[in-house]
C-alpha cells in the first residue's frame with residue numbers, strides 16, 4: 001500500500017562489515033567541511049526494543065516514593081518525553097508537579113534503571129547496526145539521538161549495546177519536555193560542536209510513533225516512520241511521514257542516504 005507523501009522501500013543493499021567495537025567515532029575536518037545532513041534517531045522502539053524496562057523502572061520509583069502500585073497503568077508512553085510522562089502520572093494520582101518532586105523521581109528512576117537494563121531485557125532493532133555503520137562511513141552525514149528519554153536514561157539504554165559510540169551530540173527529554181521543541185535543540189548543539197549551521201530541511205528524523213513524525217513537521221524536516229514499535233505500518237501511513245518503513249533493514253536504500261543526495 002502506498003500513501004500520498006509516503007514512500008515504501010523494499011529492496012535491500014549488500015551487507016556491510018560491522019565496525020570493530022573498539023574503533024573510535026570519526027571526527028575528521030573533511031567530514032565537517034562536507035556535512036550535508038543530520039540523521040536524528042528516536043531510541044525506544046526505533047533503535048532498541050526496551051522490553052518495557054523504562055516503564056518497569058519508573059513504576060518501581062513511584063512505588064518507592066509514593067507507595068502507589070502500577071502508577072503508570074493508564075499512561076500511554078510511546079513518543080512522549082520522560083518528564084511529560086511523569087507529570088501525567090502525578091496529575092492522575094493527585095500529586096503536584098510543582099513541589100520539586102520531579103528531580104527526585106528522575107534520580108530514583110535512573111538508579112533503578114541501571115539495575116534493570118541488560119541484554120536479557122532489551123535488544124537492538126533489525127537493521128540498526130547496519131544503518132549506523134553505513135552512515136558512519138558516508139561523507140556528509142552525522143547522527144544523533146532525538147529522544148524523549150532524559151540523557152542519563154538514554155545513555156544507559158544505548159550503552160548496553162555500545163551504541164553510544166555512534167553519537168557525538170543529541171537532544172533529550174530533559175532538554176525540553178515538549179518533544180516538538182527538540183529538533184532546534186539538536187541543530188543548535190551540533191552548531192556549537194562544529195561551528196556549522198544546518199538547515200532544518202537537511203535534518204532527517206527517524207522514529208516509530210506519530211509523535212516522532214509530528215516533531216519534524218513544524219520545521220520542514222524529513223520524517224521517516226518505522227513500524228518497529230507499538231504503531232502498525234498501516235497507522236504510520238496515516239501519520240503524514242515522508243517515508244514509512246516496516247523496519248530499518250533496508251533503510252539505506254532510501255535515496256535520502258545516497259552520497260551527496262539533495263532534498
* Asked: When you scan the stretch 138-173, how many residues do you find that are free of Cβ contacts under 8 Å to residues at least 12 places away in the same chain and under 24 Å from residue 199 (Cα atoms)?
  -> 0
* Structure fact -> Exception for residue 230 within (1) touching a helix residue (DSSP H, G or I) at 6+ places or on another chain (Cβ under 9 Å); (2) surrounded by fewer than 18 Cβ atoms within 10 Å (Cβ to Cβ); (3) part of a loop (DSSP other than H, G, I, E, B); (4) touching a residue at least 60 places away in the same chain (Cβ under 8 Å) falls at (1)
* To do: Return the total of residues in the stretch 109-141 being closer than 29 Å to residue 36 by Cα, buried (at least 21 other Cβ atoms within 10 Å of the Cβ) and in contact with a helix residue (DSSP H, G or I) (Cβ under 7 Å, 6 or more places away or on another chain).
  => 3
* To do: For the stretch 197-215, indicate whether the set of residues that are under 30 Å from residue 107 (Cα atoms), assigned to a loop (DSSP other than H, G, I, E, B) and at pLDDT 95 or above is non-empty.
  => yes
* To do: Scan the helices (runs of 4 or more DSSP H) fully inside the stretch 21-119 and keep the ones with 2 or more residues being more than 19 Å from the chain's Cα centre (by Cα) and modelled with pLDDT of 95 or more.
  => 53-66, 82-92, 101-116
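The values are calculated or read from the model by the stated rules, or taken from the named source; none is laboratory data. Please read these numbers as outputs of a predicted model, since none were measured by experiment. We place every Cβ from the backbone using ideal geometry, glycine too, and count neighbours over all the protein chains shown.
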